[in-house]
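The values are calculated or read from the model by the stated rules, or taken from the named source; none is laboratory data. Being a predicted model, the structure only gives us computed values, none of them experimental. Counting neighbours? That spans all protein chains shown, and the Cβs are built from the backbone with ideal geometry, glycine included. Surface areas here come from the heavy atoms of the whole protein model, side chains and all, with no ligands, DNA or RNA. Shrake-Rupley method; radii C 1.70, N 1.55, O 1.52, S 1.80 Å.
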Amino acid sequence: MEAEGMLPPQSLSAKFEGSFAYLTVRDRLPTILTKVVDTLHRNKDNFYKEYGEEGTEAEKRAISFLSRLRNELQTDKPVLALTDNAEDTQAWNEYMERQQDLMENGQLVSWFKSPWLYVECYMYRRIQEALYMNPPMHNFDPFKEGKTQSYFESQQAIKYLCTYLQELITNMENMTEIQLRENFLKLIQVSLWGNKCDLSISAGQDNSQKLSPIDSLPDLQRFILVDDSSMVWSTLVASQGSRSSGMKHARVDIILDNAGFELVTDLVLADFLISSGLAKQIRFHGKSIPWFVSDVTKQDFEWTIKQTMAANHKWMSASGVQWKHFMKEGTWSYHDHPFWTLPHEFCDMTVDAANLYSTLQTSDLILFKGDLNYRKLTGDRKWEHTVRFDQALRGFQPAPLCSLRTLKADVQVGLQAGHAEKLSTQDPDWMTNGKYAVVQFSSPHREQ
Ligand SMILES: O=P(O)(O)OC[C@H]1O[C@](O)(CO)[C@@H](O)[C@@H]1O
Ligand SMILES: [Mn+2]
């Protein structure tokens, strides 16, 4: 728990001119909005075909809403309350009040003055508002094309990975504990590097994976700045009882990040956990609305499994069929709590999403994928790089948890003294260029 009276450091924000947050709000976010507008334009005929005049009108209104939004952002206008009466509208508007209370000198909450995490999440929620407010567009995912494209462009890597997985499963029976551990560590790393492939950092540019993901692991090892994966292994082993007795039913929760190649790496890891008996149940957590360009929604999740099943490749389709089966029998399940698409730091979860927190408390291991989850775990604040990960979590410790993240934002904790300085001289953009990664673990059961 956080020491009382100790204030966390300031939030990253575009108010720090020249910072990565500033550049993102100034350059990347407007580009993403422009692409959403283009996508709606390109789908004009489809909207007409499906919904007639009503579709055309909805598309026009949504575009003008988004153009206004881009203008508000670029001219640093105050952030507006949401008006769409959705399940989470009140939570968003309350959060805005909270942000308002934090502003100094009576300034209003705005794009370039408020915390980056908040305004960036808010932009994606406003995109959704444009769609909610203009039925029949409320179910349209403006990022869908990019996500499916990234899956197709990674086909080769997906084939390698599924073939590797099926070979492992065939040999599982004869595997020693040491071999099992080695393979687990490999697949954790594949899932880690899968996070390189998100679409929001490149503002939607192709970022797909083409080579064999297993073969590139040794070369990538030196870019892992903190590697707590052996603690993840020990946690799993401890929570399942002995391998043969099967006494305990270990449950792993995976807080997903991106669709496309990254999601496949997560499914492969989840399959391995079940097939090896290391876990008996996997709960996947995704987003309930399109989010940060490439994040997984229920539709993406189901599409990916279907697509993999239907592939014209023996081991790919065998994997897909297996995954479908896991879903059907409930060994795997998909959940999308609205908290994942709110702007809160995770330390707020105990109060703001108590039901989700208590669900997570009954997990044996929670894997948090990706950069945005890391920003929310650490509150997206200007922490010293040597601050302990546990401390940056500020009391968020529902169960043993591990962040698998490639660095795409300038927040990083848990480094050895001097490490950050050394990296800064070697590679000044080390925190944002996606070349580096961390596997960081924290457990409520561990001595603090
Ligand atoms: O998909 P990931 O790994 O969460 O990365 C998304 C990251 O890209 C960014 O959009 C870059 O600004 C970050 O805000 C965000 O943390
Ligand atoms: Mn993402």
Any residue in segment 148-160 that is more than 30 Å from residue 274 (Cβ to Cβ) and among the charged types (D, E, K, R)? no
Whichever residue in segment 393-425 is within 11 Å of ligand 1 (Cβ to nearest atom) and open to solvent by less than 10 Å² (accessible area, probe 1.4 Å) and, among such residues, is farthest from the chain's Cα centre (by Cα): 411
Output the number of residues of segment 426-444 satisfying the condition of being touching a Lys or Arg at 6+ places or on another chain (Cβ under 9 Å), modelled with pLDDT of 95 or more and either crowded, with 17+ Cβ neighbours inside 10 Å or not assigned by TED's automatic domain parsing to the domain that holds residue 257 (or both). 7
Flag if residue 390 is buried (at least 19 other Cβ atoms within 10 Å of the Cβ), assigned by TED's automatic domain parsing to the domain that holds residue 281, within 16 Å of ligand 2 (Cβ to nearest atom) and within 30 Å of residue 94 (Cβ to Cβ): no
I'm told residue 364 meets every condition in (1) in contact (Cβ under 8 Å) with a residue 60 or more places away in the chain; (2) surrounded by fewer than 20 Cβ atoms within 10 Å (Cβ to Cβ); (3) over 28 Å from residue 290 (Cβ atoms) except one. Can you identify the failing condition by its number? (2)
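This table checks each residue for (1) open to solvent by 40 Å² or more (accessible area, probe 1.4 Å); (2) of a type in the set (Asp, Glu).
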{"residue": "82", "(1), (2)": "no, no"}
{"residue": "88", "(1), (2)": "no, yes"}
{"residue": "91", "(1), (2)": "no, no"}
{"residue": "102", "(1), (2)": "yes, no"}
{"residue": "115", "(1), (2)": "no, no"}
{"residue": "118", "(1), (2)": "no, no"}
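Per-residue answers, yes or no, for (1) acidic (Asp, Glu); (2) assigned to a loop (DSSP other than H, G, I, E, B); (3) in contact (Cβ under 8 Å) with a residue 24 or more places away in the chain:
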| position | (1), (2), (3) |
| --- | --- |
| 49 | no, no, no |
| 54 | yes, no, yes |
| 64 | no, no, no |
| 67 | no, no, yes |
| 73 | no, no, yes |
| 82 | no, yes, yes |
| 95 | no, no, yes |
Exclusive hit being polar (S, T, N, Q) and over 26 Å from residue 440 (Cβ atoms), set 308, 350: 308
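Assess whether residue 266 counts as being in contact (Cβ under 8 Å) with a residue 60 or more places away in the chain, closer than 25 Å to residue 249 by Cβ, within 16 Å of ligand 2 (Cβ to nearest atom) and not hydroxyl-bearing (Ser, Thr, Tyr).
Yes; evaluated as a whole, the condition is true for this residue.
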